[in-house]
1. Can you give me the long-range amide H partners of residue 22? Hydrogens built in the peptide plane at 1.01 Å from N, cutoff under 5 Å, separation of 5 or more residues or another chain.
2. Set the Förster distance to 22 Å, then compute FRET efficiency between residue 122 and residue 92 from the Cβ-Cβ distance, nearest 0.05.
3. Using 5 Å bins from zero, what percent of all Cα-Cα pairs in the chain falls into each bin?
4. With θ set to phi - 60° and the Karplus curve 6.51 cos²θ - 1.76 cosθ + 1.60, what are the ³J(HN,Hα) couplings of the range 26-31 in order, to the nearest whole Hz, using x for Gly and Pro?
5. Roll a 1.4 angstrom probe over the protein heavy atoms and tell me the percent of accessible area of the range 1-141 that is carbon or sulfur.
6. Whose amide H sits under 5 Å from the amide H of residue 170, counting only residues 5 or more places off or on another chain, with H placed in the peptide plane?
7. Report the antiparallel proportion of the DSSP beta bridges in the chain as a percent, rounded to a multiple of 5.
8. As I understand it, the dipole of the chain uses +1 on the Cβ of Lys and Arg and -1 on the Cβ of Asp and Glu, about the Cα centre. Which of 86, 140, 64 lies farthest toward its positive end?
Amino acid sequence: GSETYLLTAAENLLRLGHEVRIFAHTAGDMAQIATRHGISVVDQLADLGEPADVAITQDGAIAYEVASVWPQVPQLFVCHSSLFDYQQPPLVPEVATAVIALNDRVRRRLESLNTDLRIVRLTQPIDTQRFQPESAPASTPRRALILSNYLAAEARQVLVETWEAAGLEVVQTGTPTVTTMVPETSIADAD
């Protein structure tokens, strides 16, 4: 989720002519994809180089680290979740210039914090080139996709039983089943 968001934002900032650098403590699969797309990825704070015009962060610890080396750089914190504390914005004054909420539930959570954070409500961006349909919809659906890292137990079972009763094969992409760096493939394979 947040990695896909970061890659989408980075690619579009590049398209607009901006220089983009990504800092991540662990440069995993998504870092390799970013590098293949021409985005500089570093895994050491010292390798960030000269201060940027703005920093976009999505993790509380990273936000504090970036602020420690670039204290004068305005920082936008993108808050993806109201569930995970590490994805909450820094509460120390003047670390984050503004916090971006990507849905109303997160916005309400941010508003409930005892802070003077400027909250900006944006919608989730969708890369319309990456996620464009590869074919017309099937006249009779055959496969239903659950695309989620969190849907499990009874809620998942209700969907599976309903779709299977209608004759559909049900597949899930995302934790705890199959994780992927190319969800567009799973989406294209489903009806």
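The values are calculated or read from the model by the stated rules, or taken from the named source; none is laboratory data. Bear in mind that the values here come from a model prediction, so they are computed numbers and not experimental data. Because the Cβ atoms are built from the backbone with ideal geometry, glycine has one as well, and the counts that use them run over all protein chains shown. Remember, those area values only see protein heavy atoms, side chains included, never the ligands or the DNA or RNA. Shrake-Rupley method; radii C 1.70, N 1.55, O 1.52, S 1.80 Å.
1. So residue 22 has HN proximity to 40, 41, 42.
2. Efficiency at R0 = 22 Å is approximately 0.40.
3. Taking every Cα pair in the chain, the percentages come to 1, 7, 13, 16, 17, 16, 12, 8, 5, 3, 1, 0.
4. For the range 26-31, the Karplus-derived couplings read 10, 8, x, 4, 5, 5 Hz, x marking Gly and Pro.
5. Looking at the range 1-141 in its full context, I get 51 percent from C and S.
6. 144
7. DSSP beta bridges in the chain are roughly 5 percent antiparallel.
8. Positive-end residue among those listed: 140.
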